[in-house]
1. Whether any residue in segment 161-173 is outside the structural domain of residue 77 (by TED's automatic domain parsing) and assigned to a strand (DSSP E or B) is what I want to check.
2. Sort out which residues of segment 33-67 are touching a helix residue (DSSP H, G or I) at 6+ places or on another chain (Cβ under 7 Å) and within 15 Å of residue 86 (Cα to Cα), and write them in order of number.
3. Looking only at segment 198-231, count how many residues are surrounded by fewer than 14 Cβ atoms within 10 Å (Cβ to Cβ) and at pLDDT below 95.
4. For residue 113, state whether it is assigned by TED's automatic domain parsing to the domain that holds residue 247, at pLDDT 95 or above and in a loop (DSSP other than H, G, I, E, B).
5. Which one is surrounded by the fewest Cβ atoms within 10 Å (Cβ to Cβ), of the residues in segment 9-35 that are touching a strand residue (DSSP E or B) at 6+ places or on another chain (Cβ under 7 Å) and assigned to a helix (DSSP H, G or I)?
6. Against the definition (in the same structural domain as residue 121 (by TED's automatic domain parsing) and not in a loop (DSSP other than H, G, I, E, B)), how does residue 249 come out, yes or no?
7. Say whether the condition of being surrounded by fewer than 16 Cβ atoms within 10 Å (Cβ to Cβ) and either at pLDDT 90 or above or more than 30 Å from residue 88 (Cβ to Cβ) (or both) is met by at least one residue in segment 155-171.
8. Take the residues in segment 127-155 that are part of a loop (DSSP other than H, G, I, E, B) and touching a residue at least 12 places away in the same chain (Cβ under 8 Å), then tell me which one is farthest from residue 209 (Cα to Cα).
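The values are calculated or read from the model by the stated rules, or taken from the named source; none is laboratory data. All of these numbers come straight from a predicted model, not from anything done at the bench. Here Cβ is always computed from backbone atoms with ideal geometry, including for glycine, and neighbour counts include all displayed protein chains.
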């Protein structure tokens, strides 16, 4: 059965790669594409190919009017929550690719999704290798008490920390053992240099030219350290397969599910 998909952020770095993959897949149909800067143009031509008969619209609300099964959102942190709630209200499942949502935002989305019997899937990173980083870090947290997360991204990334780092810290917080490091509240000097707390994990975000996206979990034990790190390359190809995997499974369960490892195990 063909899955009708709306891609929001269809001209962006990852959204454009996802839109191209949807157009090329036998089991998908691109129902609509959302990109304010390209509104009114054919998405095929916008992406550098032939016309495909799908006109880009400016908002998710416009796209939802055509009817679809799944919304894939790769827009912006300030827009994603409203987009997701609009889709849920319209009876459309959602795959969230945009970072920047807080734990409270996800809780609100989960409540709305369950109330409307709609599936929503979110992952801090849809790369298979980034998912393995998270999986290995969670394994290590069972044995090593002290862990902190370091997040690297380009100077222009608009949110901090990255979705990958936020999700990793939240999931580590659920299972980590009590830390042996001195609590931040007991420190002198400039406490902000110890990063920000997400759950029970300190997270440090660097925003500098030269980085694409990198994330690492640093574990420390007496006399030794363990570093588990993922580095992203310069294109969006690694995120496409994971996103489409989520699209194929998002409608199987009502409510919010988080973490690509739920689908690859």
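1. No, because not a single residue in segment 161-173 is outside the structural domain of residue 77 (by TED's automatic domain parsing) and assigned to a strand (DSSP E or B).
2. 34, 58, 60, 61, 64
3. 1
4. So residue 113 fails the test.
5. 23
6. So residue 249 fits the description; yes.
7. Within segment 155-171, one or more residues are surrounded by fewer than 16 Cβ atoms within 10 Å (Cβ to Cβ) and either at pLDDT 90 or above or more than 30 Å from residue 88 (Cβ to Cβ) (or both).
8. Per the stated criteria, the residue is 142.
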